[in-house]
Each structure stands twice: as structure tokens, then as C-alpha cells.
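All remarks here apply to the structure that follows.
The values are calculated or read from the model by the stated rules, or taken from the named source; none is laboratory data. Just so you know, these numbers come straight off a predicted model, no measurement behind them. Positions of Cβ are generated from backbone atoms using ideal geometry, with glycine treated the same way; all protein chains shown enter the neighbour counts.
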Amino acid sequence: MREIKNEISVIIGRKGQGKTTLASRLIQNIKKVIIIDTLIEYTGSAQINIDEDLIKNLNYFFNNSTEFRLSITPENPAEFEDVINILKRYKNYTLLLDEVGIWSNPSYIPDSLYWILRFGRHSQINQIYAARRPTELNRMMSALADRFYIFNTIEPRDLEYIAKITDSSLINEIKNIKQFNYINYKISEGYDIQSL
């Protein structure tokens with residue numbers, strides 16, 4: 001997998017299509033990764049507790065490690081907002097937010113996440129957002145995304161939404177793509193079909 005450079009990527013796919021596997025591969029060669037691991041699915045990462053030592057633990061990794069993969073699992077919206085507010089302080093890392101629909105929706109995004117989405121590039125924060133349906137994405141996520149990874153989708157409203165945010169020529173491909181295959185669509189460069 002390629003190194004992500006100051007990019008916002010979105011992964012869309014129904015359950016069992018391979019979103020988590022793809023996300024794991026995307027971060028495989030990245031030196032500093034923070035995973036908001038909503039469903040505790042990512043292996044090979046150190047679990048960081050959300051407690052009074054969170055900032056101390058993050059500071060340790062950011063200041064003393066050239067490579068790390070850390071998982072944080074907020075249990076409610078307030079914890080999520082607190083964690084993202086803390087993560088705004090750091091630079092030069094990749095943030096992977098899995099199951100984004102739990103924390104935001106098309107018309108709502110927590111202020112801290114909005115900040116990272118809009119201004120994270122100034123701190124070299126690469127961002128990867130994973131959702132089961134495109135309609136779970138906040139509109140700002142789809143508007144600012146540089147790249148979409150799209151697995152098989154059949155729901156008519158989801159296809160309609162994908163056509164609006166990417167390229168309508170993708171729709172037939174998306175409906176017919178096989179399990180564990182996906183479309184890698186880069187804004188202004190087009191797309192190709194890849195497999196896990």
C-alpha cells in the first residue's frame with residue numbers, strides 16, 4: 001500500500017465487504033497512527049485508555065517514538081469529543097476513524113472533528129473515515145475527501161448519493177463489484193478496481 005500524504009480518504013462498504021481489512025492495509029506502512037476503534041476490531045495496536053493519563057500517554061508516544069499504532073475506544077459522544085479535542089494538539093500522524101456514523105451524521109459533526117477535518121492538513125493529519133453507508137458521512141467529509149474506496153453497494157439511495165459525491169459512471173461498477181473488491185476513486189484522476 002502507498003504512503004498517505006496529507007490526504008482525506010473515505011471507505012464505504014456494507015458489513016463483511018472488507019472495510020476494516022482495507023483500512024488496516026492503508027495504515028500498514030504509516031509510522032504514526034491513531035485509530036478511533038469504535039468496535040475494537042484493529043489488532044496490532046496498543047490500546048490507550050481514556051483516563052487522566054491519556055494526554056501523558058499520547059505525549060510519551062509522540063515525543064519518544066518514531067513509529068506507533070494506538071487504538072482509542074470512546075464509549076460515548078462526550079468521550080469522543082474529548083479525545084478528538086486532545087488529538088487536535090498533535091501533528092504529523094494519521095487518524096483512522098472507524099464506524100464514523102456513530103459519531104456524526106450528514107448534518108452533524110462534533111466541533112473538534114470539524115476542526116480536524118477542515119484544518120488538519122495544516123498539522124499534517126492524514127484522515128481515513130470508514131462508514132457502512134455513504135449517507136452516514138457528514139457532508140463536509142465527502143466534500144473534502146481526496147479519495148474514496150467504495151465496496152459493493154446496492155441500496156438505491158446510497159448509489160444516488162455516491163453518484164453525487166463522486167462520478168455517476170461508477171454506479172454500475174459499484175453495483176456489480178464482487179465481495180472483497182472495491183473501487184479506488186481519486187478525485188480528478190479517475191478510478192480503478194482493486195481487491196483485498
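The residues in the range 97-147 that are among the hydroxyl-bearing types (Ser, Thr, Tyr), farther than 21 Å from Leu159 by Cβ and either touching a Ser or Thr at 6+ places or on another chain (Cβ under 8 Å) or surrounded by 21 or more Cβ atoms within 10 Å (Cβ to Cβ) (or both) can be counted, and the count is 1.
Exactly one residue out of Asp53, Asp37 is under 18 Å from Tyr129 (Cα atoms) and of a type outside the set (Phe, Trp, Tyr), and it is Asp37. In the range 17-30, the residues that are on the phi < 0 side of the Ramachandran plot and hydroxyl-bearing (Ser, Thr, Tyr) reach residues that are crowded, with 18+ Cβ neighbours inside 10 Å and outside any loop (DSSP other than H, G, I, E, B) with C-beta atoms within less than 8 angstrom, at least six apart or across chains, in these pairs: Thr20/Ala130. Out of Ile30, Ile48, Ile34, one residue alone is surrounded by 15 or more Cβ atoms within 10 Å (Cβ to Cβ), modelled with pLDDT under 95 and within 15 Å of Leu87 (Cβ to Cβ). It is Ile48.
Only one of the numbered conditions (1) of a type outside the set (A, V, I, L, M); (2) closer than 23 Å to Phe148 by Cβ; (3) buried (at least 16 other Cβ atoms within 10 Å of the Cβ) is violated by Phe61, and that is (2).
Listed by first and then second residue, the pairs linking a residue in the range 64-77 that is without any contact (Cβ under 8 Å) to a residue 60 or more places away in the chain to a residue that is surrounded by fewer than 18 Cβ atoms within 10 Å (Cβ to Cβ) and in a strand (DSSP E or B), with Cβ atoms under 6 Å apart and 6 or more places separating them unless they lie on different chains, are Leu70/Ala46; Ser71/Gln47. Going through (1) touching a helix residue (DSSP H, G or I) at 6+ places or on another chain (Cβ under 7 Å); (2) hydroxyl-bearing (Ser, Thr, Tyr); (3) in a helix (DSSP H, G or I) one by one, Tyr42 falls short only on (3). Look through Ile174, Ile150 and report the one residue that is in contact (Cβ under 8 Å) with a residue 12 or more places away in the chain, under 20 Å from the mean Cα position of the chain (by Cα), buried (at least 18 other Cβ atoms within 10 Å of the Cβ) and over 22 Å from Gln127 (Cα atoms). Just a single option satisfies the conditions, and that option is Ile174.
In the set (1) over 30 Å from Arg157 (Cβ atoms); (2) touching a helix residue (DSSP H, G or I) at 6+ places or on another chain (Cβ under 8 Å); (3) in a loop (DSSP other than H, G, I, E, B), Thr66 fails one condition alone, (2).
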